[in-house]
Amino acid sequence: MGRRLRLVAVLAVGVLAALAAAAPAQGAFPGTPGPIAYQKLFTGETEDEHTGGLVAHPPRLGQPPQPLTEEPSDESPTYSADGRLIAFESNRNTPDAGEKGGSHIFVMRSDGNGVRQLTRGEGFSDSNPSFSPNGKLVVFQRYRPSRRATHIFRVRVGGGRLRQLTRGRSADSEPTYSPNGRWIAFVSNRGRRGPNDSSNIFSMRPNGRHVRLLVGGPRREFDPDVSPNGRSIAFASNRNPRLGANVFVKRIGRRPRVRQVTRSNGTCSTDRCYTDPSWAPDGRQIAVWRKTQSSFAVVVIRANGRGGVQVFEGGTSKEGCCEYLGPPGWGSRPR
């Protein structure tokens, strides 16, 4: 059973606190807003009843999502800059994933055809892919259970050897390219300040050098996504200990400013929380993953935090089964 499926099973028995799903790194590139891709699953009481895969929702409400894959373990979709390719993680082709490792990185055309496997091997899990602006590289995180370490790697879309970008004792994850390709944002537990500071967001050059703090906070900062113009970064944080995670936007530059763009009135179990922001290619809106104790939803908000929340699709937990929606990845209209 894939990681998301295990999380769904946990939710089905009402233990929301165990939701610790990895976030899909995005990489927002300028363009005309195209479809929003995400994982959609229906789970039953047994693993044989798990169905679903990746779907693509048109950028407007009122239109049904189009199925892309039929493999339940496919997740974390992210689009290339031209909107023609989707990279994702999956444990397909790995029947013994639970014993010898986990997921690998795959790439396919945006219509779901032409699936190719980019990473291979046993004893680790690859996840959270993100394209470089020219579409030739994909960065991702690799977890090695034997070493209890998570680091960032990159691989060529056309094939070739992997290159490791981060090393050391820190746990580095969720990499995403800036739109100009000059730096990569990522999450790390390095340089923590205080007992509650579990992770912050850093930047580094594409070769892994010149690591700098980009977004710091008193608790957990995660799920980075850089705006199409490269001037702001959206991220999730539980910086208010009395509330669940919310989405924030920080302006990058000489006058940095942090703005909260979602509002929860309690924790994930008592109200709702928001994570996994994904910028629209025109920079006006942000797709967000919303979860409560018994539901999931892909919602769209304005980038300035004003106005209401548009629910593109929602799923609910029911006795003996659960309809699950994963975090969104917003792509450009193919060009």
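The values are calculated or read from the model by the stated rules, or taken from the named source; none is laboratory data. All figures in this text were calculated on a predicted structure; none of them were measured in a lab. Cβ atoms come from the backbone with ideal geometry, glycine included; neighbour counts cover every protein chain shown.
Regarding Thr267, is this residue farther than 17 Å from Pro35 by Cα and not in a loop (DSSP other than H, G, I, E, B)? When the stated conditions are applied, Thr267 does not pass them.
Please pick out the residue among Gly158, Gly181, Gly112 that is out of contact with any strand residue (DSSP E or B) (no Cβ under 8 Å at 6 or more places or on another chain), of a type in the set (Gly, Ala, Ser) and in contact (Cβ under 8 Å) with a residue 40 or more places away in the chain. Give the steps one after another, and end with the answer.
Values: Gly158 fails: in contact (Cβ under 8 Å) with a residue 40 or more places away in the chain; Gly112 fails: out of contact with any strand residue (DSSP E or B) (no Cβ under 8 Å at 6 or more places or on another chain).
Going through Gly158, Gly181, Gly112 in turn, just one is out of contact with any strand residue (DSSP E or B) (no Cβ under 8 Å at 6 or more places or on another chain), of a type in the set (Gly, Ala, Ser) and in contact (Cβ under 8 Å) with a residue 40 or more places away in the chain: Gly181.
When we screen Asn207, Asn196 for residues that are out of contact with any Cys (no Cβ under 6 Å at 6 or more places or on another chain), part of a loop (DSSP other than H, G, I, E, B) and modelled with pLDDT of 95 or more, the only hit is Asn207. Of note, Arg182 does not satisfy the criterion of being part of a strand (DSSP E or B) and within 23 Å of Ser278 (Cα to Cα).
Residue by residue through the range 104-133, note down the ones that are polar (S, T, N, Q), over 15 Å from Gly160 (Cβ atoms) and either surrounded by 15 or more Cβ atoms within 10 Å (Cβ to Cβ) or touching a Gly at 6+ places or on another chain (Cβ under 8 Å) (or both).
Restricting attention to the range 104-133, the residues satisfying the condition of being polar (S, T, N, Q) are 110, 113, 117, 119, 125, 127-128, 130, 132.
After this cut, where a residue has to be over 15 Å from Gly160 (Cβ atoms) as well, the list is 110, 113, 125, 127-128, 130.
Ser110, Ser125, Ser127, Asn128, Ser130, listed by residue number.
Taken over the range 163-193, the criterion of being of a type in the set (S, T, N, Q), surrounded by fewer than 21 Cβ atoms within 10 Å (Cβ to Cβ) and either modelled with pLDDT under 95 or more than 21 Å from Ser80 (Cβ to Cβ) (or both) is satisfied by Gln164, Ser170, Asn189.
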